[in-house]
Structure formats: C-alpha cells, structure tokens
1. To check my understanding: the extent here is largest minus smallest coordinate of the Cα atoms along each principal axis. What are those three numbers for the chain, in Å, largest first?
2. Beyond 29 Å, what percent of the Cα pairs of the stretch 138-312 remain?
3. Please find the FRET efficiency linking residue 225 to residue 70, where r is the Cβ-Cβ separation and R0 is fixed at 30 Å, and quote it to the nearest 0.05.
4. With an 8 Å cut-off on Cα pairs and a minimum separation of 6 or more residues, tell me the relative contact order of the stretch 2-125 in percent.
5. Could you tell me whether the stretch 212-260 comes out rounded, prolate or oblate from its Cα gyration tensor? Rule is a ≥ b ≥ c as square roots of the eigenvalues, rounded for a/c under 1.5, then prolate if a/b exceeds b/c, otherwise oblate.
6. If I model a spin label as a point 7 Å beyond the Cα along the Cα-Cβ vector, how far apart are those points for residue 378 and residue 272 in nm?
7. Determine the distance separating the Cα centre of the stretch 205-223 from the Cα centre of the stretch 246-275; give it in Å without decimals.
8. Throw me the Rg/Rh for the stretch 1-97, computed over C-alpha atoms with Kirkwood Rh, two decimals.
C-alpha cells in the first residue's frame, strides 16, 4: 500500500479529490492541515510521497520542504500551488522538489505525477540484496547468484560504490543492470540523496534533452513554463542513464560536459547551471563498436568506461538457476496466493535446457505462468508454459497452438484432480488469474491500460483483483491528457 501525505489547509476540496483519486486498498492518504503537523507525521512514519501546499497557515511550503529534505531527501515532494506561473514553485524544483501542480487540480496530471513519484521512491528505497535472499523471498530487488561471475560483480560494487566515479554497466536486456546501479547507489555516500533513472531509448529525442537539462519558457512550441531537468533536480544524488547507447549523438556532447564540468544550460537558456550528480550508465549495446561506426562519441565512451561492470546473461550462469527459480517461486507465490515451496528436479532440468534470450525477466514470467497452473507445494514440469520460441511458418504455428492447448488442458485436468463442487468456477478463476496477471505484466502495472486492453471497466478489474487476492505492488494510471 502506497502512503501519501497531503499537507494542505484546505479542509474539504483538495483532501476529497486526493482521497478519491488514490482510494484504498491501493493507497493510504493522510492529511495534515499545517506544516508542523506534517513534519511531525513524517518524523513518526515516512510517507512514500508528499503533496505540499505552498501556502500554509504556520509557515511557507518552502520552509516545510527544507525540513523534509533534512529528515529524508529521498521523499518525493510534489508542490501544489494556486499560481500558474509560480517562481516559488520553480525555485523549489531547483532545490529538489519532484514536481509542482496548479489548483484546481487536474486529476489526470495528479495521477501521473504521483505514479511517477511512487516509482522513483520504490527505486530508492527497495533494498538490493546481493547473494541468496532465501530468508526473505518477498524482496523485490535481489541480485541472486553464487557463480564466479556474480561474485566478481558483488566485489566490483563494493570497490566502486564509495568512490563517486562514473560507472558503466553492460549486459543483455533483462539481466538486471538497474539492480547493479541501485546497489552502487545504496552503498555510496549519496545513499540518502535522490536516485533517478531515465531510459534514453524510451523517450523521444525531442523530449529527452528537456527531461535531462530542462528548458526555459518559450524555448519551443508548447514550452509555456520553465522546466527543471533531472540533472538540476537531482543535484547531490545519483542518475542512472539507462540504455545510453541509444542516446542521440547530438545530446552526447552535453552529457560529456556534465561529466567533465558538472555544468550545462537549459534548452533555450544562456545561464550556466551548476550541478553535483553521480552518473551511472547502462546499455545492452557494444559501445566500442558503435563508436567505431560513428554512432557514439568515442570521448564519451572512454569517459563512461572509467569503471565498467558486465552482467552475464542467464545462459552463462545456469548453476544459479535453482536458486533463482526457488526464490521467484516463493516470492511470486506469495503475490499470487500459491503455497509453492519447492521446484521439482525435473522442472529445473527443463529450465536448464532453455536458452533464456530474455534472461532474468523471461524467467520471472515463466515462473509466474507456472504458478498460475500449479497445484500443491511443488512446481512440476507440467505446470511450465512452452519454453520453445514459436516458429514463423504455419506448421510451427500449429505446433505452438497445440502446445498452448495442451497447457490449458493441464490446468483443467489439475482442477478436476483437485476435486470440489465448483470445478467450473475454479477453472474460470484460474483463467482470470492468468489473463489479469499477464495483462498487468504487459502494461507494467498500469491497471487502467490493462482494463482497456481486456475490454472491461476499471472497477471490474479492481473487483476481480481483490476477489483473486492479486496484489499489484506498483500501479500507474495512464494520463490521457498528455
């Protein structure tokens, strides 16, 4: 359950809107009507996100913000202001506020801002456990493995975390590069400061520069206010530039300057902005080869590669597979209401035969699907989904359909063997559980988008999730207006 603290002296309208937008059981909303009450509640129990009015009866919102940062600079603070061109709110952004919204609140923007803030808070606070977290299967951020290559990664993290140098993390997609970056952050001197991750491949080139460096009002069409970029907003903390190999060449020169001088200009501005950030970069691409092709600046490559950590693909550390499979079976079993404690030896044998092109991310998906079909406390081979990638020709498509039918038959037969007087209903519940979980996986936890894709209402989806006991650890609502 996400905890949101609203500090606002409005007794009715704003609290009602926030409680309506972030309803239980997904969220818990607390209200404080003045700054001192809000600070006291933060000291007693840190919230995940703070919504803070700029004008409070006992002190200004800026003063409260400074006190919050002194308590824990990792708490995302979203300012709420009546002025649409508030220099005060922009000043707060320069000092580390996460975002600011104007009254009357646009609920779509509110959902989007709080959703992003919750994701940032999770990345900062979720502990990255190195090794074997078998005693704590519910841990989300776990780098599991005991093969020599993984032990070398743990040692490298220990050597570089405290050094405040740039780190380049390489490896195929799905290997856990972000976990390495978060582990470096959490073991560094900046662990109490903000951590932000930005996927350079997921943001259009036209917007990426503004996201990183900010822009001045009027810098381009639609720039109706000054924007504070991530490098300014995260000063004192750590930034992960994920998939930096896909960053446009034109932006790479500005990144190089930040690395060398810790300074930059906003888009459309002439003032030099000073910052103090540690950069961790990650990529699945071969930067040396891209530099040779002219697609990546060689000087930036050498600057990023001061200290490099390579994360091996899953197929190169299959000895870790039993530990990984057991961990995810127990962790996801808790989420999906399955009391699975063991993975059968023949199940592990089948898993070892797979090439795992999607690495850890693919293994997690396979384990989830197997749990949905599982009966009893042991994960058997019959519960596994097809592990062979589908072929493109018609005969292979027919074979894939046959395998999928066989997989569905396993689920139905398992329900018959379990007995009871509501087998039909149980089969439907298992199908619902599978479909809802896969829909949420495909939309990264966005319940509104998953409901739209399935052709059901948001309320129906919530009711089904509650009835099935499916807990969504992170839910982001889509912002249709932006």
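1. Taking the Cα atoms of the chain, the three principal extents are 67, 59, 43 Å.
2. 20
3. 0.60
4. Across the stretch 2-125, relative contact order equals 24 percent.
5. Verdict is oblate for the stretch 212-260.
6. The modelled label-to-label distance comes out at 6.9 nm.
7. A separation of 13 Å, based on Cα centres.
8. Rg divided by Rh gives 0.94.
No value in this document is a laboratory result; all are computed from the given coordinates. For clarity, every value in this text was computed on a predicted model and none was experimentally measured. All Cβ positions, glycine included, derive from the backbone under ideal geometry; neighbour counts span all protein chains shown.
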